[in-house]
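What follows is a short report on a single structure.
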Amino acid sequence: MIPHDMPTSRELVESVREWLERDVLTGTTGRLQFHARVAINVLAMVERELDAGAVQAATHQARLDQLGCADEAELAARIRSGELDERADEVRELVWASVRDKLSVANPKYLAGS
Amino acid sequence: MSAPPVDRLAGQLAGQLAGVVGAASVTDVVRLSGGASRETWRFVADGRPLILQRQRSGDGRDMGVEASVLRAAGAAGMPVAQVIASGTGDDSPLGASFMVMTAVEGETIARKILRDDEYAEARTMLPAQLGAALAQLHAIPVDTAPGLVEQDQIEYYRTVMDTLGQPHPTFELAFRWLEQHRPVSPRQAIVHGDFRLGNVIVGPDGLRAVLDWELAHLGDPMEDLGWLCVKAWRFGSPKPVAGVGDYQQLFDAYEAAGGATVDPDEARWWEVLGTLKWGIMCILQCNAHMSGFSRSHELAAIGRRVCENEHDLFLALEGRW
C-alpha cells in the first residue's frame, strides 16, 4: 500500500501528457514542437508500462524460469555458449514473445504494422 | 557586450579559412552542427559557398584518410562534393584535422525526400542512382586510399555489446545465425559504411552527392547494399531499398553499372547484420544521455527503440534459422 494521495503516478503522467498535447503542441513550431511530440510519446509509453508492467514482469519471469535462467544476462550467455541449441525453437519463441511485450509498451503501432 | 562564443569563433575562423582556400574574402561563416566528434560550418569564399568539416581537437581519427577516399570517389565519377582543401593533425592551419568541400544544394532529410511532391520524380530515379553510385565506389582499387582498415563487423559489435553490459538474448541469437551463415567472400572493396537516406543530398533531379564518409573502411562490398535496405532507413515506407525501391531494382542497377553479381542471400545477410548494428547503436545513443554526455529525452527515448530492431530480426530470420 502506498501512502500517497490522489492522483496516482499514472494519472499525474497522463495530466502532463494532455497539457503537452493541448497547449504545447499547438503553440509551438519546428524543433520545439518536434521535441514536444517526442515528450508526448515518452509519457504515453510510461502510461502503458504502468498499465502492463506487473503482468509483463510476471510473464517474462515465467519464460526465464521455463528456460532455467535467472535473468536476461544468463539467458544471453547460454545462447552464446550454444548450451540452449537443442531447445532453439523454444528459446526463440519465448524471446520473441518478450520482445513483443516490450514493443507493445514502446511502440504498439510498430507491432501492428509488421 | 561581449560577442557570443560561436560568433567569436566564426570571426577567427573566417581569417584562417581565407588562407586555407586562398580567398580574398571569407564571409557568412555559420555553424551548421556541432557533433560529438566534429563540427560542420558553411561559409562563402569570394562568392562561392563552401563547407568546412573540422575534427574536435585531440580526436584521434585521421580525417586525411576520409579526404583521400572522397577525392578517389569523385575521380571515379561518383556524385560527391569536391574536396577543396584538407589538413590533418592539431598543428594544421585550423588547429585540428579538417576538410573544405564544395556546398551541394539539396535536401538531406529522409522524410521530406520520401514524402514531398517536389521529390516525386527523384524517388523513381533513386534506386538506380544509388545502385550505380555504389558500383562506382566499389570499383575503386583498394590501395587508392592508404590508411583504410578492414574490420570484422561481428567481432567489433560483439565487443561493443559486452562493453555496454546490457545483454540482449535476441542479439545473441542473431550473432549466432550470422556466424553460422557468414558469406565466404574473397571480394574486398572500399565500403562507405553508412550509405543511406540522411547521408545523401537529393534534388528534384535525384541523387546529387554522397556525404558522411567517416565510417569508410575496407570490406565486402555487399555491406553497403545490405545497410541501404535496413528497415530503419525506410523511414516508414514499405519499399525495402532506402524506402524508394525494390531489391531487384537496386541489384540490377548495381550490376549494370559494373558492380559484381549480387547474391540476394548475401545481401540479406548484410541486411540482418545491419539491423543488429542499428539495434546496438540505439543502445549507444541512449547511453549518451544516461552517461550525462548529452542529456536529452530524445536520446533517452531511442533506448526504447531497441526492441523494434529485435522484432525486425525475428521477422527477417523467420524461416531462415
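The values are calculated or read from the model by the stated rules, or taken from the named source; none is laboratory data. Since the structure is predicted, the reported quantities are computational estimates derived from the model, not experimental observations. All Cβ positions, even for glycine, are placed from backbone atoms using ideal geometry, and neighbour counts span all protein chains on display.
Each residue in the range A:81-93 was checked for being more than 9 Å from every other protein chain (Cβ to nearest Cβ) and either surrounded by 13 or more Cβ atoms within 10 Å (Cβ to Cβ) or over 16 Å from B:Gln180 (Cα atoms) (or both), and 4 pass. When B:Tyr157 is tested against (1) more than 14 Å from chain A (Cβ to nearest Cβ); (2) assigned to a helix (DSSP H, G or I); (3) in contact (Cβ under 8 Å) with a residue 24 or more places away in the chain; (4) more than 20 Å from B:Pro264 (Cα to Cα), exactly one condition is not met: (1).
Out of B:Gly77, B:Gly47, one residue alone is surrounded by 13 or more Cβ atoms within 10 Å (Cβ to Cβ), at positive phi and modelled with pLDDT of 90 or more. It is B:Gly77. For the range B:300-308, does any single residue satisfy the condition of being within 14 Å of another protein chain (Cβ to nearest Cβ) and over 19 Å from A:Lys102 (Cβ atoms)? No, the range B:300-308 has no match at all.
Listed by first and then second residue, the pairs with beta-carbon distance under 6 Å, at least 6 apart or on different chains, first residue in the range B:170-197 and farther than 16 Å from A:Ala77 by Cα, second in a loop (DSSP other than H, G, I, E, B) and of a type in the set (Gly, Ala, Ser), are B:His192/B:Ala216; B:Gly193/B:Ala216; B:Leu197/B:Ala242. Each residue in the range B:290-308 was checked for being without any contact (Cβ under 8 Å) to a residue 12 or more places away in the chain and buried (at least 21 other Cβ atoms within 10 Å of the Cβ), and 1 of them qualify. Quick one: would you say B:Leu164 is closer than 18 Å to B:Trp278 by Cβ, modelled with pLDDT of 95 or more and within 14 Å of another protein chain (Cβ to nearest Cβ)? Here the answer is no, as B:Leu164 does not meet what is asked. Quick one: is A:Ala62 loosely packed, with under 15 Cβ neighbours inside 10 Å and at pLDDT 95 or above? Yes, satisfied. Scanning the range B:233-261 for residues that are closer than 22 Å to B:Ala189 by Cβ and charged (D, E, K, R) yields B:Asp252, B:Glu255.
Candidates in the range B:265-299 are the residues that are more than 14 Å from every other protein chain (Cβ to nearest Cβ) and basic (Lys, Arg); of these, the one that is farthest from A:Phe34 (Cα to Cα) is B:Arg268. Residue pairs whose Cβ atoms lie under 8 Å apart, separated by 6 or more positions or on different chains, with the first residue in the range A:74-92 and closer than 9 Å to B:Pro169 by Cβ and the second among the aromatic types (Phe, Trp, Tyr), are A:Ala76/B:Phe171. Among the residues of the range B:194-201, is any away from chain A (no Cβ under 14 Å), more than 21 Å from B:Ala122 (Cβ to Cβ) and not hydrophobic (A, V, I, L, M, F, W, C)? No, the conditions are met nowhere in the range B:194-201. Of the strands (runs of 3 or more DSSP E) that lie entirely inside the range B:178-225, those containing 2 or more residues that are surrounded by fewer than 22 Cβ atoms within 10 Å (Cβ to Cβ) span B:200-203, B:206-210, B:217-219.
Checked against (1) within 14 Å of another protein chain (Cβ to nearest Cβ); (2) in contact (Cβ under 8 Å) with a residue 60 or more places away in the chain, B:His311 passes all but a single condition, namely (2).
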